[in-house]
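Colleague: Could you have a look at this structure, given as structure tokens, before my questions?
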Amino acid sequence: MSRFNPDRRRLLHALGASTALAAAAGIPGTSLAAVTGKRGRKIGHVVVIGAGFGGATAAKYLRKWSDGTIEVTLIERNRQFVSCPASNEVLGGNRAYESLVHGYDGLRKNWGIRLVHAPVTGIDADKRRVRTDGAGDFGYDRLVLAPGFDFIHGDIAGYDAKAQESILHAWKAGPQTLALRKQLEDLPAGGTYVLSVPKAPYRCPPGPYERASQIAWYFKTHKPGSKVIILDANDKVISKEKLFLGVWESDYKDIIEYRPGWNVVAVDPVTRIVSSELGDKERGDVLNLLPPQRAADIARVAGVVNVNDRWADVNWISLESTAVRNIHVLGDALQAAPLMPKSAHMANQHGKAAAAAIVEILSGREPQPTLMANTCYSLIDDKRAIHVDSVHRYHPEKKVPLVVDGSGGVSKEPSVEEGLYTRAWATTMWKDSLS
């Protein structure tokens, strides 16, 4: 096996560039195959399941960094990508829904990725084959699983399929984003919107608090006398706490009511009343429930869910499952490393780290750990935003990425400048992952 040369090490370290936009933008002007001299020879076939921020990024960079020597099949049931980041702006009336919607043609045209739009029905890890409904079977040398998450609806009594038709989560952007926006538009002035936050971990830690802020801004501007009630199963605001609490006090004091330690365990869809595990009750004209979350069903089918019956554990050097060989798991489905959020930016970083590792493995070399960077922006009104960021380095003894001492931090205060950064970040991430 060849030694890992310094040029390749520097290239892989660039995966985790500490500035947010540099990390999102990728590494221009080079490829792993160009460095290693493997141009033109096919070295393997990788199937990627799920074309969100993690899967789409992995598919693109597998092709880019192998200089086309790795064939990639990307399987995604949906024909369009709808971004969850920035969808809270739609709820606040500050962004057009259409701006969230993107196609996958860039991955096909620019990188030669084979796109398959079909549900995955099975994975045979022994034979290394993926079964789909209607598109046939696909063999693989390595499988990248980026399935996202599913809800644990059963943890909320009464939240059955019928109740879910009118009591929305809108935590997977798409039709529910538009439907919840319509409910907010139809809410009479003086009405009440109730948002439940599940116990962590869940997708996008600051997301519920950004959503509450966006909707409070909408109420302040268009629905006088309306209220936002946040029922948080956690003991406190779990991301950007001082910043969010400061904004709610200064800008939305008479609109937002925050209740920590309020875990929703039941809902009556007729009376629109939710109940806590302590027996407290609250009614909302618009109920927006975020149930507890776990790795998506296909992760269970693949056999990679091995932490608390909810998440998938991985080797953090390669992101290969610790339960099933030759399957790499990304994004929201993971058992996250300490202080590593389930975020779009982090999924993008997982995709790049897994792509780099797989190129090394299929080239007959040992993968090396990489830095990973994360930034989460939150718009608190129509123009101003706040952020939190961090850099994560693999710890060889603990075998997980840990936050680099002194890296990252949070905003000093909301600003219009960060609002511009927020929207630029979204545009950059979409481009990096999808084109």
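Colleague: If R0 is 25 Å, what FRET efficiency do you get for R259 and D155 from their C-beta distance, rounded to 0.05?
Modeller: Rounded to the nearest 0.05, the efficiency is 0.85.
Colleague: Still on this model: Want the number for E366 to R41: 0.36 nm per residue separation, take away the alpha-carbon distance, what's left?
Modeller: 115.1 nm
Colleague: Let me ask something additional. For a quick check of understanding: with a 1.4 angstrom probe and all protein chains in place, what accessible area in square angstrom does D141 have, to the nearest ten?
Modeller: Result for D141: roughly 60 Å² accessible.
Colleague: Express as a percent, rounded to the nearest 5, the fraction of DSSP beta bridges in the chain (both residues included) that run antiparallel.
Modeller: Close to 55 percent.
Colleague: Which whole-number value in Å² is the accessible area per residue of the chain, probe 1.4 Å?
Modeller: It amounts to 40 Å² per residue over the chain.
Colleague: Would you mind pulling out the separation of the Cα centroids of segment 239-268 and segment 73-131, in Å?
Modeller: What the calculation gives is 32 Å, centre to centre.
Colleague: Using +1 at the Cβ of each Lys and Arg and -1 at the Cβ of each Asp and Glu in the chain, identify which of S433, T221, Q335 lies farthest towards the dipole's positive end.
Modeller: S433
Colleague: Now, a different point. Over segment 284-398, how many percent of alpha carbon pairs lie in each 10 Å bin up to the one with the longest distance?
Modeller: Going from the shortest bin to the longest, the percentages are 12, 37, 32, 13, 5, 1.
Colleague: Additional query: Straight-line reach only, C-alpha to C-alpha below 28 angstrom: list the lysines that K227 could link to, leaving out same-chain residues fewer than 8 apart.
Modeller: The reachable lysines, counting only those whose Cα sits under 28 Å from K227, are K162, K172, K182, K199, K236, K240, K242, K253, K281, K383, K412.
Colleague: Follow-up. Mind checking the angle between helix 175-186 and the chain's longest principal axis? C-alpha axes, 0 to 90 degrees, to the nearest 10.
Modeller: So the inclination is approximately 20 degrees.
Colleague: Could I ask something else about it? Measure nothing fancy, just the Cα-based angle from helix 241-251's long axis to the longest principal axis of the chain, in degrees from 0 to 90, nearest 10.
Modeller: On a 0 to 90 degree scale, this one is about 40.
Colleague: Suppose every Lys and Arg Cβ carries +1 and every Asp and Glu Cβ carries -1, with no other charges. What dipole size does segment 134-174 come out with about its Cα centre, to the nearest 20 debye?
Modeller: Charge dipole, segment 134-174, about its Cα centre: 120 debye, nearest 20.
Colleague: Quick one: 3J(HN,Hα) in Hz for segment 359-364, Karplus 6.51/-1.76/1.60 with θ = phi - 60°, rounded, Gly and Pro as x.
Modeller: Per residue, the Karplus-derived 3J(HN,Hα) values read 4, 5, 4, 6, 8, x Hz.
Colleague: Could I ask something else about it? May I ask you to derive the FRET efficiency for V416 and E185 from their Cβ-Cβ distance with R0 = 22 Å, giving the value to the nearest 0.05?
Modeller: Rounded to the nearest 0.05, the efficiency is 0.25.
Colleague: Compare the Cα positions of L402, A233, P260 along the charge dipole of the chain (+1 at Cβ of Lys, Arg; -1 at Cβ of Asp, Glu; about the Cα centre) and return the one farthest towards the positive end.
Modeller: So the residue furthest toward the plus end is L402.
Colleague: Okay, moving on. Just add up the charged neighbours of R272: K/R +1, D/E -1, any other residue whose Cβ is under 13 Å from the Cβ of R272.
Modeller: The answer is -1.
Colleague: How are the alpha carbon pair distances in segment 154-291 distributed across 10 Å bins from zero to the largest one, expressed in percent?
Modeller: 12, 46, 37, 5
Colleague: Taking the Cα centre of segment 154-291 as origin, work out the dipole magnitude from +1 charges on Lys and Arg Cβ and -1 charges on Asp and Glu Cβ, in debye rounded to 20.
Modeller: Dipole magnitude for segment 154-291 comes out near 300 debye.
Colleague: Please compute the modelled spin-label separation between D124 and D268, points set 7 Å along Cα→Cβ, answer in nm with one decimal.
Modeller: 5.3 nm
Colleague: Related question: So, with +1 on the Cβ of K and R and -1 on the Cβ of D and E, and no other charges, what is the size of the charge dipole of the chain about its Cα centre, to the nearest 20 debye?
Modeller: 1580 debye
Colleague: Might you work out the accessible area of Y159 for me, using a 1.4 Å probe with all protein chains in place, and round it to the nearest 10 Å²?
Modeller: Roughly 10 Å² of Y159 is accessible to a 1.4 Å probe.
Colleague: Compare K431, K412 by solvent-accessible area with a 1.4 Å probe and give them largest first, with all protein chains kept in place.
Modeller: Final ranking, largest accessible area leading: K412, K431.
Colleague: A follow-up question, please. If you project the alpha carbons of the chain onto the principal axes, what extent comes out on each, in Å, largest first?
Modeller: Principal extents (Cα only, largest first): 67, 45, 42 Å.
Colleague: Short version: ³J(HN,Hα) in whole Hz for each residue of segment 389-404, in order, from phi by Karplus 6.51 cos²θ - 1.76 cosθ + 1.60 (θ = phi - 60°), x for Gly and Pro, what are they?
Modeller: Values, residue by residue: 9, 6, 10, 10, 10, 5, 9, x, 7, 7, 6, 9, x, 10, 5, 5 Hz.
Colleague: Spelling out what I want: for every residue of segment 205-213, take phi, set θ = phi - 60°, compute 6.51 cos²θ - 1.76 cosθ + 1.60 (Karplus), and round to whole Hz; glycine and proline get x.
Modeller: Running phi through 6.51 cos²θ - 1.76 cosθ + 1.60 with θ = phi - 60° gives x, x, x, x, 6, 5, 4, 4, 5 Hz.
The values are calculated or read from the model by the stated rules, or taken from the named source; none is laboratory data. Remember, it's a predicted structure, so these values are computed and weren't measured experimentally. Here the Cβ is made from the backbone with ideal geometry for all residues, glycine too, and neighbour counts use every protein chain on show. We work out accessible area using only protein heavy atoms, side chains counted, and drop any ligands, DNA or RNA first. Shrake-Rupley method; radii C 1.70, N 1.55, O 1.52, S 1.80 Å.
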